[in-house]
1. What list of ³J(HN,Hα) couplings, whole Hz, do you get for the range 46-63 from phi and the Karplus terms 6.51, -1.76, 1.60, once you set θ to phi - 60° and write x for glycine and proline?
2. Please give the helix 221-239 orientation as an angle from the longest Cα principal axis of the chain, in degrees from 0 to 90, rounded to the nearest 10.
3. Per-residue ellipticity at 222 nm for the chain, helices alone: DSSP H runs ≥ 4 residues times -39500 (n - 2.57), over residue total, nearest 500 deg cm²/dmol?
4. Could you sort 75-84, 251-260, 324-333, 707-716 so that the peptide with the highest average Cβ count within 10 Å comes first and the rest follow in order?
5. Run the numbers for Ser311 and Ser19: contour at 0.36 nm per residue of separation, minus the present Cα-Cα distance, in nm.
6. When the Karplus curve 6.51 cos²θ - 1.76 cosθ + 1.60 is applied with θ = phi - 60°, which whole-Hz ³J(HN,Hα) does each residue of the range 702-712 get, with x for Gly and Pro?
7. So for each of 41-47, 141-147 I average, over its residues, the number of other beta carbons within 10 Å; can you give me the resulting order with the highest mean first?
8. Please list, in chain and number order, the residues 5+ apart from Lys709 or on another chain whose amide H is under 5 Å from its amide H, with Hs placed from the backbone.
Amino acid sequence: MANSNGKMKSASTETAHNSTPNILPRPDFHFSGEVGRTYLDSDPAQFPKPVQAPTGAPNILLILIDDCGFGQYSTFGGGIPSPTMDRLAAEGLRYNCFHTTALCSPTRASLITGRNHHSAAFAGITEMATGYDGYTCILPRSCGTVGEVLRQNGYMTAWIGKNHNTPTWETSAAGPFDRWANGLGFDYFYGFNAGDMNHWDPILYENRNLVPSSKDPQYHLTTDIAEKAIAWVRQAKSISPDRPFFLYVATGATHAPHQTPKEWIDKFKGKFDQGWDKYREQALERQKKLGVVPADTKLTVRSKGLPAWDSLNAEQKRLYARMMEVFAGYAAQCDYELGRVVDAVKQLPDSENTLIIYIAGDNGASAEGGLEGSLCENLFFNGIAEKWQDNIKAIDELGGPKHFNHFPSAWAHAMNAPFQWTKQVASHFGGTRNPMIISWPARIKDKGGLRSQFLHTIDIVPTIYELCGIAAPAELNGVQQKPIEGVSFAFTFDNPKAESKRKTQYFELGCNRGLYHDGWMASSPSFVPWEPTRGHWDPDKAPWELYKVDEDFSQANDVAKQYPEKLRQLQDLWWVEASKYSVLPLDWRGTIRLNAEAMGRPNLMAGRTTMVYYPGTFGLPDAASPPMCNKSWTIAAEIETFDEKASGMIVTHGGLEGGYGLYLRDGKPTFVYNYLSIDRPTLTAKDPLPRGKTKLVVDFVYDGGGLGKGGKLTMNANGKTIAQGRLERTIPIQFSLGEGLDVGCDIGSPVDFTYELPFAFAGKIENVRIELKSEAAAPRKAAAKEASTAA
């Protein structure tokens with residue numbers, strides 16, 4: 001375990017009651033008595049004792065909400081009620097200087113390992129991995145997880161909800177599974193392996209097994225996550241009441257899509273008509289009254305590029321207020337469902353000895369909805385902007401199953417009040433400062449207290465180890481471990497005025513850079529988070545700001561001109577830290593990094609031009625599905641029908657947010673191409689197929705000439721052309737954020753809304769053959785050519 005200077009300290013100096021081994025796993029059992037020729041002349045047999053957690057080790061409930069701002073929930077002055085957070089805060093401690101990495105996968109890697117995100121190889125999300133040490137998104141064996149360490153020290157472990165720490169190319173049914181949640185030290189997993197998920201029609205796994213789609217018309221993912229968490233903890237403690245548990249619950253909310261039942265949305269009708277600028281002012285007033293910010297905290301200026309609410313017309317205000325109402329309902333539902341989990345934990349016999357860590361956000365609120373809001377977040381990741389004039393047509397459907405919607409960037413900025421900027425911007429607290437609440441009735445005496453020590457996500461693991469009396473192993477599963485880079489903050493429980501032990505902390509995300517050191521913060525933002533296309537950038541010419549954050553809580557007063565030498569010192573120190581923790585080389589490319597082919601990431605499709613799939617292939621993740629962007633391709637399905645009115649899905653890739661589907665409707669072959677929910681051009685045969693065997697082929701000839709161009713479609717049956725048409729444009733980067741290939745039905749969300757899920761094929765499918773044409777190398781060449789303009 002490392003101290004604030006990064007040097008190793010012995011376990012005995014961390015806690016007085018550490019008794020766990022420094023090397024895990026423990027040696028195999030060996031009988032130490034005398035062994036004779038038979039049991040009669042041998043010492044009595046002795047079984048190896050099951051591993052027991054240290055005496056008094058607490059149960060642990062670790063909660064992580066997604067994409068949540070400092071000024072979002074009422075517990076920290078926001079406008080969205082959070083009674084669960086309120087209740088935990090009243091019996092525990094609030095932390096108002098806790099920091100994340102400004103993005104999803106990186107924060108989560110730090111949270112479960114206690115190492116900086118680049119040290120843990122998670123510079124960004126898994127979908128944007130590159131081949132440098134800090135950027136591969138392959139969690140090093142030398143960064144063992146808290147789940148694995150606790151499991152080997154007597155804990156029952158479960159991870160329920162979002163997992164965004166498995167390499168995309170390892171998320172298929174073919175594995176490998178050692179970097180799925182079960183392989184990372186968690187006995188039980190229920191959730192999704194992706195950055196976000198449709199909350200009405202999710203693709204979920206229980207351990208390694210695909211979960212069948214729910215038939216409950218009232219199904220919602222947040223409720224499902226809560227119910228599975230409740231079921232697991234009750235079952236675990238009823239079976240083994242003397243063993244402590246470690247339950248990690250990571251909701252999909254409040255990440256897009258902002259989807260929630262209408263009754264939750266209706267609770268907030270008219271509550272945000274005042275707009276985002278007024279909301280920020282009101283939030284700061286509430287924050288001061290609650291004492292979660294100092295009384296002299298200033299409201300930062302509206303971040304560059306965001307519009308003033310008063311500059312909008314009436315229709316824009318109507319749309320954007322509704323988008324915020326939807327988000328508020330979504331967020332309120334999330335806290336409510338987490339309250340059910342907390343209630344279940346508190347009903348257990350040893351609830352007083354349960355440590356609850358509730359972190360409201362893996363980063364600040366997200367600006368990825370763009371300046372005008374979004375009906376399909378995948379548009380952002382394909383580098384395509386939306387217009388409010390189009391989105392307002394769907395105002396009454398927002399939050400429902402037809403849209404992958406996201407509010408405008410300025411609302412995200414408001415959710416991060418009183419700070420500047422948003423998710424992705426690691427240079428400023430709007431991207432990195434998140435509320436944290438800790439409850440432990442048996443241990444915390446200062447109920448309702450506030451703590452303001454400068455903390456970081458990497459500090460959670462060493463704190464857990466100290467509180468549990470567990471030593472961070474020097475060797476785990478045969479691999480020498482990197483030192484823990486976080487610092488335990490257990491000392492803050494009893495001493496609200498204790499000096500922060502963290503003296504220095506670097507920040508970097510997408511070339512947004514920051515360096516905290518002894519009460520100062522140097523900040524250098526790079527690109528605005530709502531703009532997916534990025535041009536050239538020079539780190540030596542990027543501007544820097546300087547803040548005295550132990551006096552300026554919100555980073556409102558840039559003092560770079562007054563203290564140039566201090567700024568220079570922190571800039572130089574940033575490069576030292578960057579070199580130390582594998583931050584280099586800096587990479588400012590944008591959405592082009594989402595294209596696995598262009599980046600050369602490991603790929604189950606690499607080098608393959610022909611793939612054959614069979615019935616029962618479904619839930620294949622996007623990263624393990626044929627890469628059909630920016631090239632010609634052919635789909636050939638060998639099918640047999642027994643009814644001229646047969647219907648059902650033959651093959652589909654993607655869903656609500658983009659992709660295609662080839663199916664029969666009343667016997668007629670139909671091909672639909674979902675262009676990122678903007679339009680769904682459809683090619684349909686005039687006549688139904690006759691009964692019997694058919695080779696149904698859809699051929700696409702790409703126009704070429706760059707990314708996202710159009711091409712000619714031809715459909716034929718048994719060699720006879722039955723339909724022709726064109727796609728005027730195609731998806732340039734990725735079909736879907738998570739949904740991949742299905743054969744014989746549609747798992748997840750529908751590719752269009754003309755059929756009901758799962759739309760099982762009413763016939764027989766022999767196989768589906770997908771052939772990728774010679775243009776397969778085009779994306780990589782295009783990436784090299786267009787990276788500076790279309791990245």
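The values are calculated or read from the model by the stated rules, or taken from the named source; none is laboratory data. The model shown is predicted, which means the values in this text are computed figures rather than measured ones. Cβ sites come from the backbone with ideal geometry, for glycine too, and all protein chains shown count toward neighbours. Only protein heavy atoms, including side chains, enter the accessible area calculation; ligands, DNA and RNA are left aside. Shrake-Rupley method; radii C 1.70, N 1.55, O 1.52, S 1.80 Å.
1. 9, 6, x, 6, x, 5, 10, 5, x, 4, x, 4, x, 5, 9, 10, 10, 10
2. Result, in degrees: 50.
3. Helices in the chain give a 222 nm mean residue ellipticity of -6000 deg cm²/dmol.
4. Ranked by mean Cβ neighbours within 10 Å, highest first: 251-260, 324-333, 75-84, 707-716.
5. Full extension of this stretch gives 98.8 nm more.
6. Computed from phi, the couplings for the range 702-712 are 6, 5, x, x, x, 8, x, 7, x, x, 9 Hz.
7. Output ranking for 41-47, 141-147: 141-147, 41-47.
8. Thr730
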